[in-house]
Amino acid sequence: MTEAVASIPPQYPARWEADVALADGATVRVRPIRPDDRERLLRFHSRQSDQSIYYRFFSARRHLPDNEVDRLVTVDYRDRMAFIALLGDEMIGVARYDQWRDPGEAEVAFFTDDEHHGRGLATLLLEYLAVAGRENGFHTFTAVVLPENRRMINVFRQAGFQVTTGFADGLVEVKLGLEPTDEGEARIADRARRAEARSVERILNPSSVAIIGASRNQGSIGHEVFCRVLDGDFQGPAYPVNVEADHVRSVRAFRTILDVPGDVDTAIIAVPAPEVVDVVKACALKRVRGLIVLSAGFAETGPEGAALERQLVETARLNGMRLIGPNCLGVANTDPDVRMHAVLGRLAPLPGRVALSTQSGTLGLAVLDHTRAIGLGMSAFVAMGNKSDVSGNDLIQYWEEDEGTSVILLHLESFGNPRKFHRIARRVSRRKPIVAVKTEADVRSGGVWAAGATTGALLAQAGVIRVDTVEELFDVAQVLVDQPPPSGNGVAIVTNSGGAASLAAEACRGAGLQLVELGDEASGELLGQLPLGARVTTSVDLTYGATPDHYRVALDALLAHPDTNAVMVFHAPPMPDGLEEVAGVISEMADKHPDIPFVATQLGVQTPSIGRVPVFRFPERAARALGRAAAYGAWRSEPEGTLPDVDPDRLAVARELVAARLAASPGGMTLDEEDVVSLLEAVGLQPIARGLARSADEAVEIAESIGWPVVVKAKGRGRFAKSEETGLALDLHGADELRASWDRMVASLGDRMGEALVQKMGRVGFDVRVAVHQDPTYGSVVGLGRGGSSAGGGDALTVGIVPLSDLEARRLVERSPLHDALTDDAQALRIDAVEDLLARVAALADAIPELAELGLDPVLVSETAVAITDVSARIAPWVVDHGPAVRRLGA
């Protein structure tokens, strides 16, 4: 049931077509109306109640005359615009505006299907109309509404626009200001987030399921997944659908999904790929709410499979459904009210509070086995397969609100939409830890803009805890699932083994943790209560003679220390006796200090945890996991930072400049230095005073105007030239000195001399390079590295993702190998000015995505300021989503 398309007007704006999630999570297709919607409109009108028709037309118009229908389906997409919402091939909502009293004002009207009231249709269509109206020059919408039509009046008030109301001739006149506001934009974003999360919930939290392709043949995918659903004690009816069988595992089977007697929330599809689309069409007729497609044979097989996959997604979304897959391992939800184990692996995950998303099916099976082995409970497991529809971004938004999930784990092979991931993860990480292991299969090249470094910057700025291995993914989850992140990096170590203490201390230092040391007085007091031979240094070594009470005393002392933000306990019992008692003390102390995370190592003990305290086999893994958690705690405890204050009017002028240059050179171009300076000035950056001279006389004139001493740089010189013979004269203090240098450069360079740049001589400082690169996947990236002639052209840069707040700019500098040199106390360089420079360059790149490359090199960092010397930039067309700024599901 895909939409039938007839003739389309030549001016039809196809860029507005989009699939969108409604408030209840179901999907609809929104698009501009077309003349071929005539029959859809008539069918729609005929289904509505007399009251709804009266509310819309102020009269009981059961039948629309032909000329009225023609007018309603024919618009110019500018002064008259209309959007419809489609479910399958049926119109379920329509909204329109018509220019009214003056060129900037339009009258709006809405009509939504009686059967679909309360799903947010009118609000969604209003959002689309408002953006279209703004694009077409309208500033105000006016709606005339009957006073009793409170539902529509509430739509206007709750949509987030500026609303005023008045009465005239017994009608309510509502005016909506179309200028976007922060509050309005936030409401629209919140509606989109909640709707997309709800669309995932429809798949993961079913009260009934059908397994389509539930074979009687053991070992087949359909048979195995049906068995897993039954064996997992699914809390609702599970219907096997098999065209050739009456029963599967003694459960009555049905020939098609349409034969199933009850409602079906989620359909799990395991039929050959060529049959899947027809099965989805049948699911649409059955009003299934969500799909899990296990079947392979789609995009992973080549172009034909990719085309079939696109048809699958289009069919599902057009009919109100979203899907996980295809070519996926399955989905598990351990919620006791659901208990859906629709995964090919035999062992269901243990119930818990950790959610995991992975693309790899093979890895997924191993992961499920591992979580059971370490006793880590999971709230949900999703193997996305080809992730043609539901993505990791969608799952993160769902788990953000899921009360049963405390920690989100991601195995990332690729980013579908890195910029959206960055925005979502940044928000969610403030509430719940996200831990990710990212393979670098998508690294395209090395050099200064290596994708691996960019991935790391994206994850770090979003607060995502990046780990190196899948095993470490679960180590960090064990630390954070039932405990808060450390409030600092101070860790107290208690052990009964000197060797273990050394291992733990070294591992903690390697993980960026600081060892807590008691003062002399507290150490002496503690030693008096410990066994003979005990030591209190950077850890407390109780010796093998330690009793449970000794552990309690040592932990009490360390937990009283203000620097203790986390605790590591190691117990290697010389005899089996006492294991449970020491474990009891660890659990007791952890419960007394719920704001302090604990980790433990107990040799000879197989338990995965002691109360809320995770138990690791060796201290090194515990230290690494604790270090990751502490770094996350530090990120979360910091404010989000502020973006630099830039003048929007100056940015608008800069955009116009770039647009004009691209109009003249559509393929892109290198900007003149004057243009680059203009762009920098738009964000409050001023390069060193300069001017272009074509003769020695002009050079002297410029020098007199900007002030001595000056630098002269021949335009034809080599990039890193440092002598007059190669086109560079430094520290010139007067006209005679300048003229002599000019003559020597002309003699050396000849025709290559050309124009020369005359610059104010900057203070001697540390040379850095600041650059911008427009990555086709990640968007704008800002880099910092060593500048000037001392830097190699291929030296890697430390990168950050645009935009950069002041705090993110600071972290970028801290991550840079240049940090130690920039913060050298002997020089007292203006590192704060470097951070401000980075944030402003990022603001420029964010505002002008056509800025393909920008280079500021060198930037001289001194004790008093930063001085931008050489500048260069290249602009190019930026391939962007030309769809309007309205909410929509990803492609």
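The values are calculated or read from the model by the stated rules, or taken from the named source; none is laboratory data. Small disclaimer: the values here were computed from a predicted structure and weren't measured. Note that each Cβ is placed from the backbone with ideal geometry, even for glycine, and that neighbours are counted across all protein chains shown. These area figures cover heavy atoms from the full protein model, side chains too; ligands, DNA and RNA do not enter into them. Shrake-Rupley method; radii C 1.70, N 1.55, O 1.52, S 1.80 Å.
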Of those in region 102-131 that are assigned to a strand (DSSP E or B) and of a type outside the set (A, V, I, L, M, F, W, C), the residue surrounded by the fewest Cβ atoms within 10 Å (Cβ to Cβ) is 107
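Looking only at region 410-429, which residues are of a type in the set (D, E, K, R) and in contact (Cβ under 8 Å) with a residue 60 or more places away in the chain? Spell out how you get there, then give the answer.
So the first thing to find is which residues in region 410-429 are of a type in the set (D, E, K, R), and the list is 413, 419-420, 423, 426-427.
Within region 410-429, 419, 420 qualify.
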> Can residue 257 be described as touching a Cys at 6+ places or on another chain (Cβ under 6 Å), without any contact (Cβ under 8 Å) to a residue 60 or more places away in the chain and open to solvent by less than 70 Å² (accessible area, probe 1.4 Å)?
Replying inline: yes
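Can you find a residue that is touching a Ser or Thr at 6+ places or on another chain (Cβ under 8 Å) and aromatic (Phe, Trp, Tyr) anywhere in region 253-274? Step through it out loud before you land on a result.
Applying the first criterion (touching a Ser or Thr at 6+ places or on another chain (Cβ under 8 Å)) to region 253-274 yields 262-266, 269-273.
Those left that are additionally aromatic (Phe, Trp, Tyr): none.
Scanning region 253-274, I find no residue that is touching a Ser or Thr at 6+ places or on another chain (Cβ under 8 Å) and aromatic (Phe, Trp, Tyr), so the answer is no.
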Over region 41-92, the set of residues among the hydroxyl-bearing types (Ser, Thr, Tyr) and over 23 Å from residue 128 (Cβ atoms) is 46, 49, 54, 59
The condition of being under 18 Å from residue 412 (Cβ atoms), at pLDDT 95 or above and in contact with a Ser or Thr (Cβ under 9 Å, 6 or more places away or on another chain) holds, among 380, 284, only for 380
Quick count over region 210-235, residues being in contact (Cβ under 8 Å) with a residue 40 or more places away in the chain and over 13 Å from residue 270 (Cα atoms), is 7
Residue pairs within 9 Å by beta carbon, gap of at least six or interchain, first lying in region 631-654 and over 30 Å from residue 513 (Cα atoms), second loosely packed, with under 14 Cβ neighbours inside 10 Å, listed first then second, are none
When (1) more than 19 Å from residue 476 (Cα to Cα); (2) touching a strand residue (DSSP E or B) at 6+ places or on another chain (Cβ under 8 Å); (3) surrounded by 15 or more Cβ atoms within 10 Å (Cβ to Cβ) are applied to residue 603, the one that fails is (3)
Within region 234-251, the residues that are open to solvent by 30 Å² or more (accessible area, probe 1.4 Å) and farther than 21 Å from residue 275 by Cβ are 235, 237, 247, 249, 250, 251
Q: State whether one or more residues within region 335-358 are charged (D, E, K, R) and outside any loop (DSSP other than H, G, I, E, B).
A: yes
Of the candidates 192, 186, the one satisfying the condition of being modelled with pLDDT under 95 and either part of a loop (DSSP other than H, G, I, E, B) or more than 30 Å from residue 341 (Cα to Cα) (or both) is 186
Within region 801-828, restricting to residues that are hydrophobic (A, V, I, L, M, F, W, C) and under 21 Å from residue 644 (Cα atoms), the one that is surrounded by the fewest Cβ atoms within 10 Å (Cβ to Cβ) is 807
Residue set 304, 314; condition without any contact (Cβ under 8 Å) to a residue 40 or more places away in the chain, assigned to a helix (DSSP H, G or I), of a type outside the set (A, V, I, L, M) and open to solvent by 10 Å² or more (accessible area, probe 1.4 Å); output residue 304
Looking across region 717-752 at residues that are at pLDDT below 80 and open to solvent by less than 30 Å² (accessible area, probe 1.4 Å), the single one that is farthest from residue 691 (Cα to Cα) is 721
The one condition residue 820 fails out of (1) more than 30 Å from residue 423 (Cα to Cα); (2) in a helix (DSSP H, G or I); (3) in contact (Cβ under 8 Å) with a residue 60 or more places away in the chain is (3)
Output for Cβ contacts, cut-off 7 Å, separation at least six or different chains, first residue under 26 Å from residue 281 (Cβ atoms) in region 72-91, second of a type in the set (Lys, Arg) and open to solvent by 50 Å² or more (accessible area, probe 1.4 Å), reads 90/43
Restricting attention to region 679-708, the residues that are in a helix (DSSP H, G or I), open to solvent by 50 Å² or more (accessible area, probe 1.4 Å) and either of a type in the set (Ser, Thr, Tyr) or touching a helix residue (DSSP H, G or I) at 6+ places or on another chain (Cβ under 9 Å) (or both) number exactly 4
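With 152, 91 as the choices, which residue is part of a strand (DSSP E or B) and touching a Phe, Trp or Tyr at 6+ places or on another chain (Cβ under 9 Å)?
Every option except 91 fails the conditions.
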TODO: Please verify whether region 854-874 includes one or more residues that are open to solvent by 10 Å² or more (accessible area, probe 1.4 Å) and either of a type in the set (Phe, Trp, Tyr) or over 20 Å from residue 683 (Cβ atoms) (or both).
DONE: yes
Considering only strands (runs of 3 or more DSSP E) wholly within region 417-502, the ones with at least 3 residues that are open to solvent by less than 40 Å² (accessible area, probe 1.4 Å), closer than 30 Å to residue 537 by Cβ and modelled with pLDDT of 95 or more are 490-495
Restricting region 7-37 to residues that are open to solvent by less than 60 Å² (accessible area, probe 1.4 Å) and part of a helix (DSSP H, G or I), the one nearest to residue 323 (Cα to Cα) turns out to be 16
Residues in region 141-193 that are open to solvent by 20 Å² or more (accessible area, probe 1.4 Å), in contact with a strand residue (DSSP E or B) (Cβ under 9 Å, 6 or more places away or on another chain) and either closer than 15 Å to residue 886 by Cα or among the polar types (S, T, N, Q) (or both) total 6
Reported set for region 827-847 where residues are in a loop (DSSP other than H, G, I, E, B), of a type outside the set (A, V, I, L, M) and free of Cβ contacts under 8 Å to residues at least 40 places away in the same chain is 830
So, first residue farther than 18 Å from residue 728 by Cβ and touching a residue at least 60 places away in the same chain (Cβ under 8 Å) in region 760-777, second residue assigned to a strand (DSSP E or B) and among the hydroxyl-bearing types (Ser, Thr, Tyr), Cβ within less than 6 Å, six or more apart or across chains; the pairs are 774/780
Note on region 324-337: residues open to solvent by less than 10 Å² (accessible area, probe 1.4 Å) and either over 13 Å from residue 270 (Cα atoms) or not hydrophobic (A, V, I, L, M, F, W, C) (or both) are 325, 326, 330, 331, 332
Touching a Leu at 6+ places or on another chain (Cβ under 9 Å), modelled with pLDDT of 90 or more and closer than 24 Å to residue 270 by Cα - does that describe any residue in region 358-371?
-> yes
The residue from 60, 85, 95 that alone is open to solvent by 30 Å² or more (accessible area, probe 1.4 Å) and among the aliphatic types (A, V, I, L, M) is 60
